[in-house]
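Working notes for the structure below.
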């Protein structure tokens with residue numbers, strides 16, 4: 001059995017490979033369990049799993065679990081079931097926005113997060129949604145954000161910033177970070193980026209001197225490469241050719257290729273549709289071209305802070321070599337600490353799903369070594 005950590009009561013030390021035969025669906029079901037840490041929810045998901053053969057059935061099954069939990073007064077269960085259902089809802093689904101807002105409402109009710117902790121940070125044509133939590137004796141500040149679908153403060157292309165203010169994702173992440181630091185008058189902060197946030201945090205740190213420590217959880221040195229992995233091996237070279245040669249004909253051919261491949265892969269179909277929405281593009285071709293802007297090749301040497309890099313040995317999104325590439329290119333950092341999580345620790349997956357508590361422990365211990373106590377702007 002993996003060694004327990006001091007956050008094991010909050011996050012289970014468990015990842016189940018047998019919840020569903022589709023890895024993507026299985027991962028989302030494990031995520032629902034990991035952030036609820038309730039064995040009854042695990043049992044309920046096992047019961048519905050045989051009835052799930054596509055995303056439509058997945059959504060309906062989790063909506064039913066949401067209603068059941070709501071009826072029995074389990075607000076946190078209901079919130080997580082609803083978020084899990086919303087994850088795969090199409091943008092055209094009229095239930096999607098209502099589900100997102102209800103998830104936030106239920107979560108805030110459960111954790112008693114009042115309006116006094118919520119701040120709309122002005123940004124471009126709208127606002128970034130931020131939450132600030134302060135312990136009794138703070139010794140430092142953690143500013144936390146997510147990536148494609150994990151959200152703490154909502155930057156461009158995330159949560160309320162995307163859905164309410166219609167602000168798409170940007171690779172220039174120093175801009176929203178600067179807006180948040182200005183709004184709260186923050187200095188000497190530890191910046192934590194989760195998932196794609198591993199790229200975003202490195203990018204922002206390279207251009208924002210008020211960041212003195214940065215955590216990339218996970219790392220992401222090349223966002224385009226992570227999507228390319230979702231394509232069949234025989235199609236990857238063709239996709240790369242189309243994307244690197246800007247041409248109207250290639251754009252049309254690429255769109256045709258995407259439609260063909262999407263019929264064989266629900267994950268690819270969902271990923272491209274969601275990516276277009278997040279990036280604010282009209283075509284799959286534009287989405288993938290924008291994705292090529294998200295890389296750390298030029299910016300890594302400009303990072304001067306203390307850096308903590310976290311990675312999963314069997315991350316199904318991030319190629320393992322990116323973990324080592326990121327460490328090698330941080331040539332100007334004050335210090336670089338790298339931590340690769342393994343199967344033996346039940347933390348081999350993306351963002352250490354299966355042992356999230358261990359990654360939190362590593363971050364807190366590293367922060368303590370740098371005289372930092374965790375305080376964060378984020379959604380619970």
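The values are calculated or read from the model by the stated rules, or taken from the named source; none is laboratory data. Keep in mind the model is a prediction, meaning the values are calculated, not measured. Neighbour counts run over all protein chains shown; Cβ positions are idealised from the backbone, glycine included.
Table: residues versus (1) assigned to a loop (DSSP other than H, G, I, E, B); (2) in contact (Cβ under 8 Å) with a residue 24 or more places away in the chain.
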site	(1), (2)
122	no, yes
136	yes, no
167	yes, yes
178	no, yes
182	no, no
187	yes, no
193	no, yes
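Being surrounded by 20 or more Cβ atoms within 10 Å (Cβ to Cβ) and touching a strand residue (DSSP E or B) at 6+ places or on another chain (Cβ under 9 Å), is that true of even one residue in the range 71-91?
No - not one qualifying residue is present in the range 71-91.
Only residues that are over 15 Å from residue 145 (Cβ atoms) and outside any loop (DSSP other than H, G, I, E, B): list them for the range 214-234, please.
Correct list: 222, 223, 224, 225, 226, 227, 228, 233, 234.
In the range 196-225, what residues are out of contact with any helix residue (DSSP H, G or I) (no Cβ under 6 Å at 6 or more places or on another chain) and surrounded by fewer than 23 Cβ atoms within 10 Å (Cβ to Cβ)?
Hits for the range 196-225 are 209, 212, 222, 225.
Just one of 334, 291, 259, 302 is under 20 Å from residue 198 (Cα atoms) and at pLDDT below 95; which is it?
291
Take residue 11 and decide whether it is part of a loop (DSSP other than H, G, I, E, B), under 25 Å from residue 271 (Cα atoms) and under 20 Å from the mean Cα position of the chain (by Cα).
no
Here's the yes/no breakdown for (1) in contact (Cβ under 8 Å) with a residue 40 or more places away in the chain; (2) farther than 22 Å from residue 111 by Cβ:
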position	(1), (2)
7	yes, no
15	yes, yes
23	yes, yes
26	no, yes
31	yes, no
38	no, no
43	no, yes
47	no, yes
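Within the bounds of the range 241-250, is there any residue that is more than 21 Å from residue 91 (Cβ to Cβ), in the same structural domain as residue 348 (by TED's automatic domain parsing), in a helix (DSSP H, G or I) and in contact (Cβ under 8 Å) with a residue 40 or more places away in the chain?
no
How about the range 82-92: which of its residues are in contact (Cβ under 8 Å) with a residue 12 or more places away in the chain and over 20 Å from residue 27 (Cα atoms)?
Correct list: 91 only.
Pick from 130, 99, 161: which is more than 23 Å from residue 291 (Cα to Cα) and part of a helix (DSSP H, G or I)?
Criteria check complete, one pass: 99.
So residue 237 passes all but one of these: (1) surrounded by fewer than 19 Cβ atoms within 10 Å (Cβ to Cβ); (2) in contact (Cβ under 8 Å) with a residue 40 or more places away in the chain; (3) not in a loop (DSSP other than H, G, I, E, B). Which condition number does it fail?
(2) is the only condition that residue 237 fails.
Mind checking which residues of the range 253-282 are surrounded by fewer than 17 Cβ atoms within 10 Å (Cβ to Cβ), free of Cβ contacts under 8 Å to residues at least 24 places away in the same chain and assigned to a helix (DSSP H, G or I)?
Listed by number, the residues that qualify are 253, 256, 259, 260.
So which of 73, 56 is on the phi > 0 side of the Ramachandran plot and not assigned by TED's automatic domain parsing to the domain that holds residue 316?
Matching residue, one of 73, 56: 73.
Of the residues that sit in the range 331-351 and are without any contact (Cβ under 8 Å) to a residue 60 or more places away in the chain and under 22 Å from residue 294 (Cα atoms), which one is surrounded by the fewest Cβ atoms within 10 Å (Cβ to Cβ)?
Only one residue fits best here, namely 331.
Residues in the range 216-238 that are closer than 27 Å to residue 194 by Cα and either modelled with pLDDT of 85 or more or in contact with a strand residue (DSSP E or B) (Cβ under 7 Å, 6 or more places away or on another chain) (or both): how many?
Adding up the residues that qualify gives 15.
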